[in-house]
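Participant: Got a structure here, written out as structure tokens. Questions coming.
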Amino acid sequence: MLQAKKSERTHQQFLNSARTLFLEKGFDNTSIEDIVTMAGYSIGAFYRHYKSKSDILIELWNEFLQDYIQESIDGAMKTTTLEESIDYLLLRNKEYYEHPLFKCYYNASVTRMITSSKNDIPNNAGSFNDMLVMLLEREYPSVDHNRLRTYASTIHAIINAYASGSILNQNLYFDEVTTREILLDLAHKAGIE
């Protein structure tokens, strides 16, 4: 039991050191030696926990993504109107794409082809979509569930495109006022059968 706690503490120190260094120096400018020096362990200890520097970034990314989505869901469920929900989710998605860890992971994934396997990533998009369905069901409890799922998926896609369009240099343009108007129209139409 003591060894397991020690191993978990070591693992956490590697994560904390890597997070700090990746955000300060960037993924490419951080070496495994930098991580182990900051954490206070040997390179051998690092390799007992990770196969590569990419593995630690993927773990940090998955942890961040899961926490961020859960915080977004929790916050959205505290809103009382569709308007508040849409405003909150637009802001959260924009913050997500501007977050330093997102930028670090995105840059590393583009330059190094780093990706998480499907098994490594929690079903965050599904959780986010489920939350949108719950928000619509709260507003329209008697509307067909499949109809609301379709509207929730459409709203989700537009929110992601809005937030990522300018940040990822895609040829997409969404002005905030019009995007909000479209999302609210969709949310209201979801309740019309």
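The values are calculated or read from the model by the stated rules, or taken from the named source; none is laboratory data. The structure displayed is predicted, hence computed values, not measured ones. All Cβ positions, glycine included, derive from the backbone under ideal geometry; neighbour counts span all protein chains shown. Just so you know, the surface numbers come from the protein's heavy atoms only, side chains and all, with ligands and any DNA or RNA stripped out. Shrake-Rupley method; radii C 1.70, N 1.55, O 1.52, S 1.80 Å.
Participant: Would you mention how many residues in the range 117-174 are within 19 Å of D87 (Cβ to Cβ), open to solvent by 80 Å² or more (accessible area, probe 1.4 Å) and either among the hydrophobic types (A, V, I, L, M, F, W, C) or at pLDDT below 85 (or both)?
Facilitator: 2
Participant: Moving to a separate point now. So, G26, is that one surrounded by fewer than 13 Cβ atoms within 10 Å (Cβ to Cβ) and touching a helix residue (DSSP H, G or I) at 6+ places or on another chain (Cβ under 9 Å) or not? Give the steps one after another, and end with the answer.
Facilitator: On the way: surrounded by fewer than 13 Cβ atoms within 10 Å (Cβ to Cβ): no; touching a helix residue (DSSP H, G or I) at 6+ places or on another chain (Cβ under 9 Å): yes.
Criteria not met by G26.
Participant: Then there is this: Based on what the data block shows, is S17 without any contact (Cβ under 8 Å) to a residue 40 or more places away in the chain, over 30 Å from M134 (Cβ atoms) and crowded, with 18+ Cβ neighbours inside 10 Å? Before you say what the answer is, go through the steps one by one.
Facilitator: On the way: without any contact (Cβ under 8 Å) to a residue 40 or more places away in the chain: yes; over 30 Å from M134 (Cβ atoms): yes; crowded, with 18+ Cβ neighbours inside 10 Å: yes.
Spelling it out, S17 is indeed without any contact (Cβ under 8 Å) to a residue 40 or more places away in the chain, over 30 Å from M134 (Cβ atoms) and crowded, with 18+ Cβ neighbours inside 10 Å.
Participant: Same structure again: Select, from D67, D74, the only residue that is closer than 23 Å to Y151 by Cβ and open to solvent by 70 Å² or more (accessible area, probe 1.4 Å).
Facilitator: Details: D67 fails: closer than 23 Å to Y151 by Cβ.
Matching residue, one of D67, D74: D74.
Participant: Only residues in the range 24-35 that are under 16 Å from Q13 (Cα atoms) count as the first member; pair them with residues that are of a type in the set (K, R) and buried (at least 16 other Cβ atoms within 10 Å of the Cβ), Cβ under 7 angstrom, at least 6 apart or cross-chain, and list the lot.
Facilitator: I32/K53
Participant: Somewhere in the range 103-115, is a residue out of contact with any Asp or Glu (no Cβ under 8 Å at 6 or more places or on another chain), among the basic types (K, R) and either open to solvent by less than 80 Å² (accessible area, probe 1.4 Å) or at pLDDT 75 or above (or both)?
Facilitator: Yes: the range 103-115 contains one or more residues that are out of contact with any Asp or Glu (no Cβ under 8 Å at 6 or more places or on another chain), among the basic types (K, R) and either open to solvent by less than 80 Å² (accessible area, probe 1.4 Å) or at pLDDT 75 or above (or both).
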